[in-house]
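The values are calculated or read from the model by the stated rules, or taken from the named source; none is laboratory data. No experiment lies behind these values; they were computed from the predicted model shown. FYI the Cβ positions are ideal-geometry reconstructions off the backbone, even for glycines, and counts take in every protein chain you see. Accessible surface is based on the protein model in full, side chains and every heavy atom, while ligands, DNA and RNA are left aside. Shrake-Rupley method; radii C 1.70, N 1.55, O 1.52, S 1.80 Å.
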Amino acid sequence: MTSLTIYKRELTSYFAQPTAYAIIVIFLALSLGLTFSFGNFMRVGDASLEWTFFFWHPWIFMLLAPAVGMKLWADEQRTGTIELLGTFPLSTWSAIIGKFLAAATVWLVALALTFPIILTVNYLGDPDNGAIFSGYIGSFLVCSTFLAITMLVSACTRDQVVCLIVSVAVCVTMVLCGYDDFTRELGKAASPAVVEAVTSIGVWEHFRSLNRGLFRLQDLVWFGSFMFVCLLGTSAILSAKRS
Amino acid sequence: MIEVESLTKQFGSKRAVDHLTFTVKKGEVLGFLGPNGAGKSTTMRMITGFLPPTSGDARVCGISVIDNPKEAKTKVGYLPESAPLYHDMTVIGFLKFCASIRGLKGSAKNDAVERAIETCFLGSVARQSIDTLSKGYRHRTCLAQALLHDPEVLILDEPTDGLDPNQKHEVRQLIKRLGESKAILFSTHILEEVEASCTRAVIVDRGKIVADGTPAQLLEQSGNGSLTDLFRRLTTRDTEEAA
Ligand SMILES: Nc1ncnc2c1ncn2[C@@H]1O[C@H](COP(=O)(O)OP(=O)(O)OP(=O)(O)O)[C@@H](O)[C@H]1O
Ligand SMILES: [Mg+2]
């Protein structure tokens, strides 16, 4: 119940300020722009959208998701409103959930606004809409994961800029680690065990299978537990900071 | 109503609050005096459940803030020292948000918000964005937040800080009036306020109580009828320590 109140406040705050609009517009410009330019959407005829459209999402999210999540706790600590939240009768956990869901909703809106691309593929050809849907789920899970990381970082600092830089660095690492070209280069230099360890923290393996329309339990568990651990860490850091 | 028992807070090697013990009964207004850094705010943060004490316990209405923080917090209204607010909200929006978190709904919520706006003379700025308020109005908005749920215990950290003389007078009257039916603990640096609104006052220095009594008793203790002299005699001055 209190989570819902927090959720509403955070969401209103996103849309009362230019932040959410700016980020959504940049996201749409980048994702659609890349699809039609480098993605060669018109020529390749990739109806499942795997390579032309979804391929770009992790690269965009690694930069933009932290911009949405950076204020969540950093601002609260800078302005001292955390002292209000800390003395209201609510658990830290319900505040964390409310804030996380609000930030995720901003991304849900952003992803929903890419609908023209679905209309286009359906108009031009006969795509597998099931695979497209699961591609969207994959995208949403990747960006939620990045949001969870950002939230964890923002609990550590009162400075939004520091939070942005650190979270982007972590997200970039996670995107690069599982990327084929990178792992191939790494494979030449390091042992297979190292490569496997590095790949396992990358997002691609789990993202790809969803892109192909495959719902594998292991991917959902991977995303779910990753986010859960980040949120748990956020709660632990917030309580540790007070004592 | 407020029972503080051997409350201690250690920040690293610094002991901010040192085995503090006092009680505030219903119908009492306790003035909390002391030089900068005496540990007044830290004590209040522990009673409101924001900071966990290093040792000792605080109870409000018989409920321990350590064992049962959520319930204890419902009994308390708290004005933090810096009067933190969400700057992207309007005054009325902020108060409604606080009321929702306190579990108020529907018409009870609207009534509570209306009453708080009236009590704190916020009618003229109710729909204004907090961003654009003057310092005194911000302070009063945060004070209104503390009164919303008509709590049995009020903890106010420098409630008259930043207010104009008219408002200082109003807030003192308000504290006096509310004190008849509640237990109030408030800190201040203005010694006249002790006589104006307190039924009892304590002076703390370096985390310890150095004087405790009704305003009349304290005046008697000072010898020459000046609280300032008593304050200066009992508390250590930074200038002395440096010498
Ligand atoms: N989070 C913290 N970490 C380390 N030290 C702290 C922290 N909070 C407070 N202190 C220290 O504890 C002491 C008491 O601080 P506190 O804010 O309670 O003083 P105060 O009596 O409210 O002073 P003032 O009249 O200036 O408001 C100070 O020496 C302060 O430096
Ligand atoms: Mg203080």
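Ordered from highest to lowest accessible area with the whole protein assembly present and a 1.4 Å probe, B:Thr54, B:Thr90 read as B:Thr54, B:Thr90.
Of all lysines in the structure, those lying under 27 Å Cα to Cα from B:Lys176, and not within fewer than 8 positions of it along the same chain, are B:Lys25, B:Lys26, B:Lys40, B:Lys73, B:Lys75, B:Lys96, B:Lys109, B:Lys135, B:Lys168, B:Lys208.
Peptide A:88-95 is shielded by partner chain Cβ atoms: per residue, an average of 4 of them sit within 10 Å of its Cβ.
Within the accessible area of region B:88-243, the carbon and sulfur atoms contribute 47%, probe 1.4 Å, all protein chains present.
For region B:69-157, the per residue solvent-accessible surface stands at 39 Å², with DNA, RNA and ligands left out and a 1.4 Å probe. Rounded to the nearest 10 degrees, the angle from helix A:115-124 to the longest Cα principal axis of chain A is 10 degrees. What a 1.4 Å probe finds exposed on chain A is 71% carbon and sulfur by accessible area, rounded to a whole percent.
The angle separating the long axis of helix A:18-36 from the principal Cα axis of greatest extent in chain A is about 10 degrees.
Here B:Lys105 is the anchor, and the aspartates and glutamates within straight C-alpha reach of less than 17 Å, apart from those fewer than 8 places off in the same chain, are B:Glu114, B:Asp150.
How far, in nm, would the chain grow between B:Ala108 and B:Gln221 when pulled straight, counting 0.36 nm per residue and subtracting the alpha carbon separation?
Details: separation 113, 0.36 × 113 = 40.68 nm, distance 4.74 nm.
Additional length available on full extension: 35.9 nm.
Taking trypsin sites (Lys or Arg not before Pro) as exposed when DSSP calls them loop (any state but H, G, I, E, B) and at most 13 other Cβ atoms lie within 10 Å, what is the longest stretch of chain B free of them, the sites themselves excluded? Counting only loop sites that pass the neighbour cut-off, the longest clear stretch is B:128-236.
For the options A:Leu152, A:Leu108, A:Leu186, a Gaussian network treatment of chain A with springs between C-alpha atoms closer than 10 Å singles out A:Leu186 as fluctuating the most.
If you sort A:Tyr179, A:Tyr21, A:Tyr14 by accessible surface, 1.4 Å probe, largest first, the order is A:Tyr21, A:Tyr179, A:Tyr14.
Contact-buried residues of region B:85-128, at a threshold of 40 Å² lost accessible area versus the chain by itself: B:Tyr86, B:Asp88, B:Phe97, B:Ile101, B:Arg102 (1.4 Å probe; DNA, RNA and ligands ignored).
Summarising the label geometry, the points placed 7 Å from Cα in the beta-carbon direction at B:Asp229 and A:Val194 lie 7.9 nm from one another.
Residue order by solvent-accessible surface for A:Val203, A:Val153 is A:Val153, A:Val203, largest first, with ligands and nucleic acids left out and a 1.4 Å probe.
Could you compute Rg(Cα) / (2.2 N^0.38 Å) for chain A, with N its residue count?
Compared with the compact-globule rule of thumb, chain A sits at 1.06.
Amide H to amide H distances under 5 Å link B:His149 with no residue, where only residues 5 or more positions off or on other chains count and H is placed in the peptide plane. Placing unit charges on the Cβ atoms of the charged side chains and taking the dipole of the protein assembly as shown about its Cα centre, the candidate lying farthest along the positive direction among B:Ser197, A:Cys177, A:Phe53 is B:Ser197.
Using a 1.4 angstrom probe, figure out how much accessible area chain A has per residue, in square angstrom, rounded to the nearest whole.
On the way: 10520 Å² over 243 residues.
It amounts to 43 Å² per residue over chain A.
Looking at the protein assembly as shown, send over the antiparallel percent of its DSSP beta bridges, to the nearest 5. Among the beta bridges of the protein assembly as shown, antiparallel pairing accounts for roughly 55 percent. Basic side chains Lys and Arg get +1 at the Cβ, acidic Asp and Glu get -1 at the Cβ, and with that the dipole of chain B about its Cα centre reaches some 560 debye. Once B binds A, the 1.4 Å probe can no longer reach about 2300 Å² of accessible area, counting both sides.
Here the convex hull built on the C-alpha positions of the protein assembly as shown has a volume of 183 cubic angstrom per residue. Around the Cα centre of the protein assembly as shown, unit charges on the Cβ atoms of Lys, Arg, Asp and Glu (plus for the first two, minus for the last two) sum to a dipole of about 360 debye.
The charge dipole of chain A, taken about the Cα centre with unit charges on the Cβ atoms of Lys, Arg (+1) and Asp, Glu (-1), comes to about 540 debye, rounded to the nearest 20.
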